[in-house]
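Asks: Once you've had a glance at the structure underneath, I'll fire off some questions.
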Amino acid sequence: ISPMRPRPFADDDVPQGCKIGGVAYRVGIAWLNHEDQGVLLTFSVNALLAFFSLFAYHVFAHLPSLKAVFAPRVPLEQGPPPHPLHISRGLSGPHEGEQLEATMLRRFLIMNLTLFCVFAATAMPALILTYSIDPYAGLDIPFAPPPPPPQNPFPPPALGGAAPPAPPGKPPLSPVVPWLSGAPISGIQSFSLAHLPPGSPRFWAPAACMLLLTSVFLILARREAEVYARLRYDWLAAPRPHLHAARLVTSHSLNGAVAPAVTAEDVYALLKPMFGADLHEVIKVPREVNQWRLSALGLQPPSLQAGGGADVPLLTQSGRSSWSMAAVWSLVVDLAHEMRLLATGEATETSFIVLFRSRGARFGAIHAPALFTDCDIGGASLSAYARPAPAPEDALWSSLVTPRPVVVCAWSGTLLLFALWNVPVALVQSLASLDSITKMLQEAHLKGAAGMIHNLSPATRATLEGWMPVLVLTVLQMLTLYSGLLPALSRLQRRESGAAAGTSTLHKMFFFNQVLVLLGSCVVGSLFETAKLILSGGYCTLLALLGRSVPAQATFWVNYLVLELLFYVPALDILQVLPLSVVGAARLCGARGKALSGKALSALQRLYYPSIYARALMVLSAAFLFATIAPLITLVTIAWLYAVSRAWSFNVRRVYLHDLGADFDSGGAYWPVAMRLETFALLTAQLVLVAIHVLNSCWYSGTVLFGLMIATMVRASRLQRHYSPLASELPLERCIKVDASMAGDTSPGAQAYQLDWILAEASRAYRTSFENSSFRSGDLLAGGQ
């Protein structure tokens with residue numbers, strides 16, 4: 001990677017700076033130029049919108065007719081809800097009846113608020129002071145570019161004329177050195193590292209601050225992991241029906257064209273000698289057969305009726321059966337069988353729900369690598385392993401049997417979305433620029449309007465050009481992430497539960513924001529163009545591209561976070577402008593509109609943790625990336641984290657409605673995923689900072705940062721390996737204590753929590769979940785023991 005080369009000096013004269021070769025130079029800073037004025041005007045406009053939103057909330061929240069918008073989960077007799085940003089209870093204090101998932105979301109926001117408050121109190125002042133020192137004021141003289149060649153104030157006489165007289169007055173003043181941009185930098189840019197000369201010792205400051213930020217993050221992550229494990233143990237020890245169940249997955253190898261019909265009785269007979277009285281019931285999960293695909297081949301699906309362990313032909317002849325054509329027909333059947341496996345995948349797995357009377361027996365089952373292997377059933381070798389069963393109300397049984405072509409199409413659609421999303425964004429952003437709008441107005445013969453736009457003041461143009469691209473980016477981002485497209489793709493990829501599909505959606509949303517929105521805003525174009533660039537120039541080309549472009553995008557991302565803080569949080573999270581608009585439109589439409597508004601309100605006020613975590617991780621990724629590059633962004637991040645920690649806690653308790661009911665709790669399933677993704681965002685920020693240091697010939701500090709990356713990965717992986725198994729399931733010692741307490745509890749109030757009631761409730765809930773799935777009624781199996 002070649003370092004940045006300085007551009008030629010400008011000719012402006014300012015008598016300030018250090019003398020190099022008898023001439024004084026300094027970096028030109030234009031305080032409150034049009035770019036600074038644009039940022040301030042953008043902030044002022046968003047602050048005005050925030051004030052209007054908060055005032056409107058005070059007016060509308062006290063109206064009983066709008067209770068369905070602002071507090072649908074609170075009884076009407078409790079009166080108007082308090083303001084989301086004015087909750088008397090402390091941020092870290094638990095709320096009565098709070099679910100574990102909501103607790104971990106609140107702690108996740110508080111942890112990051114603490115992280116950036118520590119960074120702002122320690123590192124940010126040092127960074128601002130370091131960046132604001134003029135490179136030519138003495139610190140970076142050995143690294144500053146050489147002065148321009150001296151100019152002769154008395155040039156030789158022109159041909160045929162006399163030499164011009166010397167200019168009167170004082171001698172020429174010292175030239176300004178506009179670093180990199182070719183023009184004086186703005187006041188906001190003077191507090192970033194974009195104007196530092198290559199090789200400057202001041203590049204050690206962002207390296208040291210990144211070390212501080214990483215150290216504090218890892219310390220807080222370890223503390224939160226310990227708290228999560230403790231809270232998770234308490235949640236797992238509660239008497240929940242699905243915590244006595246395991247999902248048994250059986251797989252068999254086919255002998256020719258025959259597959260066994262493994263019934264619940266067969267599995268019960270195999271498991272009974274292992275667990276004895278601790279085994280309660282085995283329920284077979286129904287499986288959907290793609291009959292239209294088999295019918296297209298002239299073949300019949302296997303029988304779905306449970307009936308002992310008799311062999312059922314997998315593929316049978318649909319019409320003719322001639323003895324003389326037996327060999328040819330056998331070949332055709334085998335060929336059709338292979339075509340079916342190619343199209344739909346080999347259906348060699350069957351799921352069962354196994355209910356245990358003992359938590360200890362369930363612990364042994366789910367932690368065993370295999371429960372049995374090579375068991376001969378119906379001429380096939382049967383093997384099985386057990387995993388924790390999903391909650392019956394959260395299970396996605398139909399997703400487990402999604403045909404392979406659909407799964408492939410879902411993954412292909414996800415990759416295609418990631419590859420091409422930046423193209424329309426770049427196109428719309430280019431059309432949203434003032435120059436493009438002026439050109440379109442001129443082509444439409446609207447020269448008056450085009451002239452008005454052309455004659456706007458520089459500050460107004462900077463405000464619009466800074467606000468419009470951010471607005472376009474966020475609108476297209478929300479249309480993609482919150483349209484339900486990514487959750488639908490995740491459900492088509494064989495996820496066993498809504499929580500599993502949600503974590504998969506969270507991964508997609510994060511990498512969508514990280515790669516396309518955050519880093520892709522610096523690399524305009526599609527991923528195909530970026531891949532072509534990497535293949536032609538190697539990975540160093542990508543690092544050079546990010547190292548050059550990311551520091552120049554600091555102002556854009558400051559505007560992004562300001563828009564999040566002062567527009568989206570007050571309007572979307574507090575005022576609930578979308579549900580409020582639905583209610584207003586429904587009242588204008590009459591009775592029919594009121595009937596449709598209920599469904600719209602439930603969709604808009606849905607509690608969906610992947611979207612909440614993805615939005616928080618987007619802001620945190622930008623904060624990590626620019627915390628050491630443009631430290632002023634830390635102040636906006638702190639304000640945003642404080643606001644959403646209040647507003648989201650209020651909405652989870654009073655506004656948002658869960659699809660599975662207010663009592664359902666996914667048990668903190670999203671917090672470990674969010675912590676891993678936040679660690680990835682921190683590693684990305686470290687990598688970009690390494691690229692910046694290498695491009696500026698700061699080899700030693702770049703090497704230190706690269707070592708910090710490796711240390712961060714090692715430490716984070718150790719934390720994950722240590723705490724992930726601890727928090728995944730209840731330890732065996734705690735399982736035995738839970739079993740003993742349930743067996744010895746004979747108090748009158750404990751009747752509802754007796755083991756028989758829990759197991760009966762679990763059996764009923766799982767059978768109901770089969771009926772509520774998208775299986776056909778003929779596919780349901782009622783086999784059990």
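The values are calculated or read from the model by the stated rules, or taken from the named source; none is laboratory data. Computed from a predicted model, the values in this text were never measured in an experiment. Cβ placement follows ideal geometry from the backbone for every residue including glycine, while neighbour counts extend to all protein chains displayed. With ligands, DNA and RNA removed, areas are computed over all heavy atoms of the protein, side chains included. Shrake-Rupley method; radii C 1.70, N 1.55, O 1.52, S 1.80 Å.
Asks: Filter the stretch 256-289 for residues that are of a type in the set (A, V, I, L, M, F, W, C) and closer than 18 Å to Phe770 by Cβ; which is modelled with the lowest pLDDT?
Replies: Once the filter is applied, the top-ranked residue is Val289.
Here is a yes/no grid of residues against (1) over 30 Å from Asn559 (Cα atoms); (2) more than 21 Å from the chain's Cα centre (by Cα); (3) open to solvent by 30 Å² or more (accessible area, probe 1.4 Å):
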| residue | (1), (2), (3) |
| --- | --- |
| Thr628 | no, yes, no |
| Leu635 | no, yes, yes |
| His722 | yes, yes, yes |
| Leu726 | yes, yes, yes |
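Asks: May I pose another question? Provide a single number: the residues in the stretch 749-783 that are open to solvent by 90 Å² or more (accessible area, probe 1.4 Å), part of a helix (DSSP H, G or I) and at pLDDT below 50.
Replies: 2
Asks: Oh, and also: Only residues in the stretch 710-736 that are closer than 25 Å to Ala500 by Cα count as the first member; pair them with residues that are open to solvent by less than 80 Å² (accessible area, probe 1.4 Å) and polar (S, T, N, Q), Cβ under 7 angstrom, at least 6 apart or cross-chain, and list the lot.
Replies: Short answer, once both residue conditions are applied: Ala716/Thr679.
Asks: If we keep just the residues of the stretch 192-225 that are more than 21 Å from Cys117 (Cβ to Cβ) and assigned to a helix (DSSP H, G or I), which is most open to solvent (accessible area, probe 1.4 Å)?
Replies: Trp204
Asks: I'd like to check something: does the stretch 703-710 contain any residue that is open to solvent by 10 Å² or more (accessible area, probe 1.4 Å), part of a loop (DSSP other than H, G, I, E, B) and at negative phi?
Replies: No: the stretch 703-710 contains no residue that is open to solvent by 10 Å² or more (accessible area, probe 1.4 Å), part of a loop (DSSP other than H, G, I, E, B) and at negative phi.
Asks: Anything in the stretch 550-582 that is among the small types (Gly, Ala, Ser) and either over 23 Å from the mean Cα position of the chain (by Cα) or open to solvent by 30 Å² or more (accessible area, probe 1.4 Å) (or both)? List them, or say none.
Replies: Correct list: Ala552, Ser581.
Asks: Does the stretch 76-87 contain any residue that is under 25 Å from Leu565 (Cα atoms), among the acidic types (Asp, Glu) and either at pLDDT 60 or above or over 29 Å from the mean Cα position of the chain (by Cα) (or both)?
Replies: Among the residues of the stretch 76-87, not one is under 25 Å from Leu565 (Cα atoms), among the acidic types (Asp, Glu) and either at pLDDT 60 or above or over 29 Å from the mean Cα position of the chain (by Cα) (or both), which makes the answer no.
Asks: Is it the case that Leu620 is of a type outside the set (Gly, Ala, Ser), assigned to a helix (DSSP H, G or I), out of contact with any Leu (no Cβ under 8 Å at 6 or more places or on another chain) and modelled with pLDDT of 95 or more?
Replies: Taking the combined requirement at face value, the residue satisfies it.
Asks: I'd like the residue in the stretch 361-377 that is open to solvent by 20 Å² or more (accessible area, probe 1.4 Å) and not hydrophobic (A, V, I, L, M, F, W, C) and, out of all such residues, is nearest to Asp659 (Cα to Cα).
Replies: Selected residue: His367.
Asks: Answer with yes or no whether Ser645 is touching a residue at least 24 places away in the same chain (Cβ under 8 Å), farther than 30 Å from Gly707 by Cβ and open to solvent by 10 Å² or more (accessible area, probe 1.4 Å).
Replies: When the stated conditions are applied, Ser645 does not pass them.
Asks: Continuing with this model, one more query. If you take the residues in the stretch 355-373 that are touching a residue at least 40 places away in the same chain (Cβ under 8 Å) and under 34 Å from the mean Cα position of the chain (by Cα), which one is nearest to Pro725 (Cα to Cα)?
Replies: So the residue we want is His367.
Asks: If Gly668 satisfies every condition in (1) farther than 15 Å from Ala102 by Cα; (2) touching a residue at least 60 places away in the same chain (Cβ under 8 Å); (3) in contact with a Lys or Arg (Cβ under 8 Å, 6 or more places away or on another chain) but one, which is the exception?
Replies: Of the numbered conditions (1) farther than 15 Å from Ala102 by Cα; (2) touching a residue at least 60 places away in the same chain (Cβ under 8 Å); (3) in contact with a Lys or Arg (Cβ under 8 Å, 6 or more places away or on another chain), the odd one out for Gly668 is (1).
Asks: Go through Leu371, Leu396, Leu382, Leu355 for me and flag whichever is at pLDDT below 85 and of a type in the set (A, V, I, L, M, F, W, C).
Replies: From the options Leu371, Leu396, Leu382, Leu355, the qualifying one is Leu382.
Asks: Looking only at residues in the stretch 477-515 that are assigned to a helix (DSSP H, G or I) and among the charged types (D, E, K, R), which one is farthest from Ala623 (Cα to Cα)? Steps first, answer last, please.
Replies: Of the residues in the stretch 477-515, the ones assigned to a helix (DSSP H, G or I) are 477-481, 485-491, 498-515.
Checking the rest, the ones that are also among the charged types (D, E, K, R) come to 491, 508.
On the way: Arg491: 31, Lys508: 20 Å.
By that ranking, first place goes to Arg491.
Asks: Follow-up question, since we're still on this one. I need a count of the residues in the stretch 576-617 that are among the basic types (Lys, Arg) and modelled with pLDDT under 85.
Replies: Of the residues in the stretch 576-617, 4 are among the basic types (Lys, Arg) and modelled with pLDDT under 85.
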